[in-house]
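J.: Input: one structure, supplied below.
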């Protein structure tokens, strides 16, 4: 039987060394997220939510504890092994879009497939499909400067989805958008979660965004305090 949990984090700790000082960003955080769930991670600045997201997204290693992503134990992997898992299983959406300015929307979306070694024709077809799924089929030849903020974030979402990841992680995805565009991006993420069953994790400061997800995971001082 397929494991119901796409994320299992047990007693994660993370210690950063700043010169001679040790900063404990996570102090034994534990959480589980079901396959196909849409959750938000909330907490004040400095609570450890960015550190937690980096570990859950395989961008960083925990100092201690255990992390199982989509059935694979990833807490003790080397950086190169972690990068392979990350490219295969995690799609990222950032507040600042992180698009290549001189590349078209289509080229931007193709990028993860290029890294994954997918053949050009298949890359092209899958990128078009991803752009159509976010309502940007008409704008695929446009560069980021020719698109509005909301459209740029749609391109970033298409790029995050093109590898068909187990989880989509969005870090303040509406932070740089006006309220109308922000509302449209949230509606898009909710629809993608509902229709494709992609697990969506949103890191946010905004209670109105948290309220739209199925569950809020709150973190304070490096510990998960409430779900």
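Values quoted throughout were computed directly from the atomic coordinates according to the rules given, and no laboratory measurement underlies them. All of these numbers come straight from a predicted model, not from anything done at the bench. As a convention, Cβ positions derive from the backbone with ideal geometry for all residues, glycine included, and neighbour counts pool all protein chains shown.
J.: Which order, highest average first, do 10-19, 184-193 follow once you tally other Cβ atoms within 10 Å for each residue and take the mean per peptide?
T.: 184-193, 10-19
J.: While we're here: Compute the Cα gyration tensor for region 52-110, then decide on rounded, prolate or oblate, letting a ≥ b ≥ c be the square roots of its eigenvalues: rounded whenever a/c is under 1.5, prolate when a/b is larger than b/c in the other cases, and oblate in all that remain.
T.: Prolate shape, in that a/c is at least 1.5 and a/b is the bigger ratio.
J.: Can I ask one more? Taking 0.36 nm per residue of sequence separation and subtracting the Cα-Cα distance, how much length would be gained by fully extending the chain between residue 23 and residue 59, in nm to one decimal?
T.: 11.1 nm
J.: Something else now. Working out 0.36 nm times the residue gap between residue 221 and residue 141, then minus their Cα-Cα distance, what length gain in nm do you get to one decimal?
T.: 24.3 nm
J.: Now, a different point. Shape call for region 121-204 from the C-alpha gyration tensor, a ≥ b ≥ c root eigenvalues: rounded (a/c under 1.5), prolate (a/b greater than b/c) or oblate?
T.: Cα axes put region 121-204 in the oblate bin.
J.: With a ≥ b ≥ c taken as the square roots of the eigenvalues of the C-alpha gyration tensor of region 172-227, please select rounded if a/c is under 1.5 and otherwise prolate if a/b is larger than b/c or oblate if it is not?
T.: Oblate, because a/c is 1.5 or more while a/b does not exceed b/c.
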